[in-house]
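The structure under discussion appears below in the form of structure tokens.
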Amino acid sequence: MPDRHVQVLVIGTGPTGLGAATRLEQLQLPQSYLVVGQEDVAGGLAGTDETSEGFLFDYGGHVIFSHYAYFDDTINKALPKEDDWYEHQRVSYIRSGSAWVPYPYQNNISQLPQSEQLVALDGLLEAAELRAATPTVKPVTFEQWIDRNLGKGIGEMFMHPYNFKVWGVRTSEMQCKWLGERVAAPNLKVVIKNAITRTPAGNWGPNATFRFPARGGTGGIWKAVAEMIPREKIQVGRVVSVDPVHKLAKMGNGETIAYDKLVSTMNVDHFVDIVQVSSEADKEKLRMVKQATQELVYSNTIVIGLGMRGQRPERIGDKCWLYFPEDNTPFYRATIFSNYSPHNCPAQDKVLPTLRLANGSAPASTEPSSGPYWSLMLEVCQSAQRPQNMDTILEETILGALATDLLRPGDEIVSTYVRRFEHGYPTPSLGRDAALGRILPVLKDDFDIWSRGRFGSWKYEAGNQDHSFMLGVEAVDSAVFGTPEMTLNETDWVNGRRNVERRLQ
Ligand SMILES: Cc1cc2nc3c(=O)[nH]c(=O)nc-3n(C[C@H](O)[C@H](O)[C@H](O)COP(=O)(O)OP(=O)(O)OC[C@H]3O[C@@H](n4cnc5c(N)ncnc54)[C@H](O)[C@@H]3O)c2cc1C
């Protein structure tokens, strides 16, 4: 006899698991549900750590751009007060040589030195000619998409090197269907006009403004969302095996939970390893699914945080996040995390000793003294093609920050943070969609398992916090009512609109 029985069991307390929980709580099903998560704190990859000196660092640069009214309803209910949030204008640049080019690069080649503008324009014109000559050709790889839409100049100066630093694989190994709204295709006439008049382009894209929680970093949102779920519905513990035939999950402490439907938000490549079946037919199905998960590609993310004493420097100003395509830094992105909320740093009257100066020399004094403080959060991709050394990554990062003017040699570093996240980015590889087609339908149709989430369903374009949360909501609706899951299956459609069909109240 199992220790307990629930109608819906959810594995994981990241945004996807909390989306499922929020929907289940709203539906008030006659039978119960349970969410089990292996960490004490909810939030998963959308979490935040605090250093012993009091600096907050998210697990990488997290900015909310929501496509869903339901998601907004939830986070507004979780953090309802006006002073729970700060609203920011995106101020984002790309480091190019010793210049900062406004984001997105392809719309702002007017800001490059003239020789580079010519290379970029040459490529853009060639790309336009290519599109005119071959109107029916559809690019398959990301590399082909870049060559066709942005041209070889922008490709070589920015897109290829930058994307290799982010993804850890070459653009020729990535597909391009995932791009949708994410990469700005420039208007050639505007680009040429801007280049001649040396005018920067207007603010582009979906996250031109964004909100950030005042307290607790991004993780603060998810702690607050988890608090809206009754305590007894969230259990801390690790699921160690799932028997989908008898619909039984086993926890690390030996407890067994029977369920009718299972929503798993675990990384699907790990999840299939805990599934146990006994019939030969099921074993064969599972073997095929496991084989397909081995074709999925991902990279790891290393987050480096630096806390500095002093006023925020002029050169940093109100910048939010910055991109680094060149090889003088290990990081591809830097976030001025102290600009998002003053509570991301300790209060000015907190006294801290200087650990070191940015150039590595010992500080003049190790006596603790007061602030103000500011902080940088830097992200590094780790993959087979971009190996990183955890022993030296902090030092390499500081050197990169010095080389790109983020830090000055005499800056006083008072706090450092380094953490590696295994499974950071789900890579839109060439074989991804075919592999997912051999994994997700089998788990759902043959085993009644909804594997969903950033790495549960492995679609980067449906892998942000709002998407993940709604993948959980829609998985529940699918499991309970048979409703189609639009975020998973119609991602471009969902991403191209404001989705208002579901509301929390
Ligand atoms: C570097 C980086 C930058 C990002 N930037 C943004 C951004 O700017 N904007 C944005 O909206 N989103 C961003 N995201 C995405 C965001 O973090 C994800 O959308 C979200 O965290 C995914 O949620 P999830 O619940 O699907 O998965 P996860 O957060 O991975 O949660 C899965 C949970 O399952 C738990 N689990 C695993 N195995 C078990 C087990 N056996 N038993 C019990 N529990 C288990 C894990 O511990 C984890 O808590 C970023 C992510 C990264 C890594």
Number of positions in the stretch 445-482 that are more than 15 Å from the ligand (Cβ to nearest atom), in contact (Cβ under 8 Å) with a residue 24 or more places away in the chain, charged (D, E, K, R) and assigned to a helix (DSSP H, G or I): 2
Criterion: at pLDDT 95 or above, open to solvent by 20 Å² or more (accessible area, probe 1.4 Å) and touching a helix residue (DSSP H, G or I) at 6+ places or on another chain (Cβ under 9 Å) - qualifying residue of Tyr332, Tyr373, Tyr340: Tyr373
Any pair with Cβ under 7 angstrom, 6 or more apart, that starts in the stretch 404-433 at a residue that is under 28 Å from Gly310 (Cβ atoms) and ends at one that is outside any strand (DSSP E or B) and of a type in the set (Lys, Arg): Asp405/Arg315
Any hit, the stretch 264-272, residues being within 12 Å of the ligand (Cβ to nearest atom) and free of Cβ contacts under 8 Å to residues at least 12 places away in the same chain: yes
Residues located in the stretch 27-65, provided they are more than 8 Å from the ligand (Cβ to nearest atom) and either closer than 19 Å to Val239 by Cβ or open to solvent by 60 Å² or more (accessible area, probe 1.4 Å) (or both): Gln28, Pro30, Gln31, Ser32, Tyr33, Leu34, Val35, Asp40, Val41, Glu50, Ser52
Verdict on Lys261 being out of contact with any Pro (no Cβ under 6 Å at 6 or more places or on another chain), open to solvent by 40 Å² or more (accessible area, probe 1.4 Å), at pLDDT 95 or above and part of a helix (DSSP H, G or I): no
Out of Gln311, Gln291, sole residue that is more than 30 Å from Ile154 (Cα to Cα), surrounded by fewer than 17 Cβ atoms within 10 Å (Cβ to Cβ) and touching a Phe, Trp or Tyr at 6+ places or on another chain (Cβ under 8 Å): Gln311
From Glu280, Glu295, residue being more than 14 Å from the ligand (Cβ to nearest atom) and closer than 22 Å to Phe455 by Cβ: Glu295
Contacts under 8 angstrom Cβ, first residue in the stretch 187-198 being over 11 Å from Gln106 (Cβ atoms) and of a type in the set (Ser, Thr, Tyr), partner open to solvent by 90 Å² or more (accessible area, probe 1.4 Å) and not in a helix (DSSP H, G or I), 6 or more apart: none
Some residue of the stretch 159-180 being β-branched (Val, Ile, Thr), under 26 Å from Leu296 (Cα atoms) and at pLDDT below 95: no
Pair list, Cβ < 6 Å and 6+ apart or interchain, from the stretch 233-256 residues that are in the same structural domain as Leu34 (by TED's automatic domain parsing) and part of a strand (DSSP E or B) to residues that are open to solvent by 60 Å² or more (accessible area, probe 1.4 Å) and more than 14 Å from the ligand (Cβ to nearest atom): Thr256/Asp3
Test: residue in the stretch 424-443 that is within 22 Å of Leu24 (Cα to Cα), of a type in the set (Gly, Ala, Ser) and within 16 Å of the ligand (Cβ to nearest atom): no
Of all residues making up the stretch 389-427, the number that are basic (Lys, Arg) and assigned to a strand (DSSP E or B): 2
Subset of the stretch 134-144 that is outside any helix (DSSP H, G or I) and touching a helix residue (DSSP H, G or I) at 6+ places or on another chain (Cβ under 6 Å) - its residue that is most open to solvent (accessible area, probe 1.4 Å): Pro139
Residue match in the stretch 5-12 (condition: more than 10 Å from the ligand (Cβ to nearest atom) and closer than 30 Å to Thr335 by Cα): no
Count of residues meeting criterion [open to solvent by 10 Å² or more (accessible area, probe 1.4 Å) and out of contact with any Cys (no Cβ under 8 Å at 6 or more places or on another chain)] in the stretch 145-155: 4
Residue check, Thr13 in a helix (DSSP H, G or I), surrounded by 18 or more Cβ atoms within 10 Å (Cβ to Cβ) and of a type in the set (Val, Ile, Thr): no
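The values are calculated or read from the model by the stated rules, or taken from the named source; none is laboratory data. Remember, predicted model here, so these are calculated numbers, not experimental data. As a convention, Cβ positions derive from the backbone with ideal geometry for all residues, glycine included, and neighbour counts pool all protein chains shown. Heads up: the accessible areas ignore ligands, DNA and RNA and are worked out on the full protein's heavy atoms, side chains in. Shrake-Rupley method; radii C 1.70, N 1.55, O 1.52, S 1.80 Å.
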